[in-house]
Amino acid sequence: MFAYVIRRLFVGVIMLLVMSLVTFLLFFAGPLDPARFACGKNCSEAQQAQTSKALGFDKSPVVQWSDFVKGVVTGRQFPDDPALRKAAPKLVTDCPTGCLGYSVVSTSTVNKEFKEAIPVSVSIAIFAFIMWIIGGVLFGVIAALFKGRLLDRGIVGIALVFFAFPTFFIGQLFLQFVAIKWRVFEVPDYMSIAEGGIGAWAYNLLLPAFTLALFYMAGYVRMTRAFVLESMGEDYLRTARAKGVRQSRVLFKHALRAALTPLVTMAGLDFASLLGGAIITETVFNFNGLGKLAVVAVNTYDLPTLVGLVILLATFVILANIVVDILYAVIDPRVRVG
Amino acid sequence: MSSSTPTLAQGVGTGAGASGTPFLSVRDLKVHFPTPDGVVKATDGLSFGLERGRTLGIVGESGSGKSVSSSTILGLHRGSRAMVSGEILLDGTDLLSLSDEEMRLRRGREVSMIFQDPLSAMHPYYTVGNQIAEAYRVHNDVNRKQARARAIEMLDRVGIPQPDRRVDDYPHQYSGGMRQRAMIAMGLINDPGLLIADEPTTALDVTVQAQILDLLQDLQKEFNSAIVIITHDLGVVAEMADEVLVMYAGRCVEYGPTKQILTNPEMPYTWGLLSSVPDVTGDTDARLVPIPGNPPSLLNPPTGCAFHPRCTYRDKVPGSLCTTDLPELTPAKSGGFHVRRCHLPDPAAVYAEEVVPEMQADMTGEPIEETEK
């Protein structure tokens, strides 16, 4: 098992290298010069060339990429050009090992941007994840239990509604009515645990996380229902009933366990991609998480931030895949090695 | 009611003597499934009886209603859309009149079932011991440890080597034969009076089949249980069954003591089944003799005798009786409680004069003409 995880991690690192290289190449394949964005509107040719040099955009994409990788391994300093660093030693920014680059747009290292944004996105993701898993599985099982009856149709119908409505619509609805018009909630504004304690943290997360959870919950209701119904048709459930096992136990011990494998796969990957930021939800509620960071980075052609986001999200997904595979072995004895 | 006569086959069976109702008595059992296309009559008026310590073989093609009938005895149809009527008396109690909860408490304790494919019939995520112990804990107030000890004891009894170690294995770590042994252990752990074995050897290879059948017979002697064995293998019937019930299109077409059914069958469908058995002593060039045609649709079964479209002896029946009238179950010539459902005036004679010589010819490997229509 240990060797397996090591092997998977190794492959994961190679995947990250390839993905970052592709991001670099794609970025420079476009007709726009990123230095122009960084330099600003009224920028002379000379200033633009200077900016380009400061950010290292004058080098070829592959060289820039190798600088980036070097930065991740050993750390680096900005501006990229040694001559410029010498000219203005006070403006040099030091970026230690793990360096993901320097964003001119926010005039800070990408790592620093992430340090502020990650807690926001992760908080929303965890909160939403807990809500949608509990709600989705619960309602899914109930729907499967009452298959074809009114309760089932109601649950599936409502799920369809929430699945069909875009998150920004539901998010706006909550914001406009629940928070602003009816004042049931205060307009949420992210507050870290350090700032306002766990209560304020949770309170502010409730609306955005619920908005996000509703969408996922809708999908999970339908999936859980389908998986449970599918496993209900298995021979081993008939065996369990033939033994005289109580129906509720048949459902929760035997059927749900079998439905768990596909659910864990989905949940792991959905959670991982959500860790990389919920773009729409964060934008609607104006939370400065990774999703909002991504929107800003795309609009301002901010390569270092974009590459950093790609790497971050890819890391989450790769790790989630490994975790899901390990969980398989926990759930399904047939997958266990040896 | 139905056109069949349950009265005749009612409670028949060797054990049904002066004592009246036998241990298991099924009377005019009907299991119908309403579907958008019409009612599927999976079982349509089935009656038989069985004493403890005896074995009944139910034979028939796929879709003849064998498995549906047996899972109805176990009450597994409950919660589905099946419409069930008739009577299933087990030790004097009508199982169909019980509440779901009462039936659940009998399931696995008084009547239990062994399924066809033990790999898919066992939960892949739980250990064999866990699943066997669960069957015990459902009906006995014991703790985990006691149930586990009992599971090990049962595994040992069904011939699993090193049961105290194998108890913690998962089903996929067992071989096919061991899995079926474990299923048998699960089925018998509460010492049920009735054991239904639904094609218990179909998924196993031949040498293992024999072991499993031996095991079932041994355990039957030990626990004195009644066994209903569902199969399409006449070899299994010959080895295991005291009585045989041949099913076709949801109905019983022939029923009687095994010896009489195998030596003096009086129904063309049974003849077909017997003729289609390959003979190990015969010529290797001999071809198998299939029953022509396909099993009938239970949604829209043929009129009259359901077997008539495939019956090669139809022209011996006067008029068009076969296509219009369902034959009653009538006593066969060989006596006992042997009954059959056929319009032929003297099926025993037809069997002796026509079917037997033909079968002997087939076995010696004489060139057979293509008889497909």
Answer yes or no as to whether B:MET122 is touching a Leu at 6+ places or on another chain (Cβ under 7 Å) and closer than 18 Å to B:PRO200 by Cα.
-> no
Listing of helices (runs of 4 or more DSSP H) fully contained in the stretch A:252-318 that carry 3 or more residues being over 27 Å from A:ARG225 (Cα atoms) and in contact with a Ser or Thr (Cβ under 9 Å, 6 or more places away or on another chain) = A:279-284, A:290-299
Taking the stretch A:239-248 as the search range and keeping residues that are surrounded by fewer than 20 Cβ atoms within 10 Å (Cβ to Cβ) and either under 15 Å from B:MET122 (Cα atoms) or at pLDDT below 90 (or both), which one is nearest to the other protein chains (Cβ to nearest Cβ)?
-> A:GLN247
Evaluation of A:LEU303 against (1) surrounded by 23 or more Cβ atoms within 10 Å (Cβ to Cβ); (2) modelled with pLDDT of 90 or more (one fails), failing number = (2)
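Listed here are the residues, each with its yes/no results for (1) in the same structural domain as B:LEU326 (by TED's automatic domain parsing); (2) buried (at least 19 other Cβ atoms within 10 Å of the Cβ); (3) in contact (Cβ under 8 Å) with a residue 60 or more places away in the chain; (4) under 13 Å from the mean Cα position of the chain (by Cα).
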position	(1), (2), (3), (4)
B:ALA210	no, no, no, no
B:LEU216	no, yes, no, no
B:SER225	no, yes, yes, no
B:VAL228	no, yes, yes, yes
B:THR231	no, yes, yes, yes
Here is a list of conditions, (1) at positive phi; (2) within 14 Å of another protein chain (Cβ to nearest Cβ); (3) surrounded by fewer than 16 Cβ atoms within 10 Å (Cβ to Cβ), and B:SER80 meets all of them except one; can you say which number that is?
-> (1)
B:SER69 is checked against (1) surrounded by 21 or more Cβ atoms within 10 Å (Cβ to Cβ); (2) within 13 Å of another protein chain (Cβ to nearest Cβ); (3) part of a helix (DSSP H, G or I) and fails just one. What number does that condition carry?
-> (2)
Counting only helices (runs of 4 or more DSSP H) wholly inside the stretch A:73-177, the ones holding at least 1 residues that are polar (S, T, N, Q) and surrounded by 14 or more Cβ atoms within 10 Å (Cβ to Cβ) are A:110-145, A:167-173
Determine, yes or no, whether B:GLN209 is modelled with pLDDT under 95 and closer than 18 Å to A:ASP235 by Cα.
-> no
Of everything in the stretch A:283-338 that's polar (S, T, N, Q) and under 30 Å from A:VAL104 (Cβ atoms), which residue is farthest from the other protein chains (Cβ to nearest Cβ)?
-> A:THR300
Every listed condition ((1) out of contact with any Leu (no Cβ under 6 Å at 6 or more places or on another chain); (2) touching a residue at least 60 places away in the same chain (Cβ under 8 Å)) holds for A:CYS99 save (2)
Given the residues B:VAL289, B:VAL253, B:VAL317, which is the only one that is within 21 Å of B:SER47 (Cα to Cα), buried (at least 16 other Cβ atoms within 10 Å of the Cβ) and among the β-branched types (Val, Ile, Thr)?
-> B:VAL253
Of all residues in the stretch B:132-188, which are of a type outside the set (A, V, I, L, M, F, W, C), closer than 20 Å to B:GLY108 by Cβ, within 12 Å of chain A (Cβ to nearest Cβ) and without any contact (Cβ under 8 Å) to a residue 60 or more places away in the chain?
-> B:GLU134, B:TYR136, B:ARG137, B:HIS139, B:ASN140, B:PRO171
Taking the options B:PRO124, B:PRO163, B:PRO171, name whichever one is surrounded by 19 or more Cβ atoms within 10 Å (Cβ to Cβ) and either under 21 Å from B:ALA203 (Cβ atoms) or among the aliphatic types (A, V, I, L, M) (or both).
-> B:PRO171
Please give the number of the condition B:ARG78 fails out of (1) at pLDDT 90 or above; (2) assigned to a loop (DSSP other than H, G, I, E, B); (3) more than 27 Å from B:HIS338 (Cβ to Cβ).
-> (1)
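So that you can scan it fast, the table gives a plain yes or no per residue for (1) away from chain A (no Cβ under 11 Å); (2) within 29 Å of B:MET178 (Cβ to Cβ); (3) among the aliphatic types (A, V, I, L, M):
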residue	(1), (2), (3)
B:THR93	yes, no, no
B:MET103	no, no, yes
B:MET113	no, yes, yes
B:LEU119	no, yes, yes
When B:PRO309 is run through (1) over 21 Å from B:ALA241 (Cα atoms); (2) without any contact (Cβ under 8 Å) to a residue 40 or more places away in the chain; (3) in a loop (DSSP other than H, G, I, E, B), the failure sits at (3)
Residues in the stretch A:14-50 that are surrounded by 12 or more Cβ atoms within 10 Å (Cβ to Cβ) and β-branched (Val, Ile, Thr): how many?
-> 2
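The values are calculated or read from the model by the stated rules, or taken from the named source; none is laboratory data. Only a predicted model underlies this, so the values are computations on that prediction, with no experimental measurement involved. As a convention, Cβ positions derive from the backbone with ideal geometry for all residues, glycine included, and neighbour counts pool all protein chains shown.
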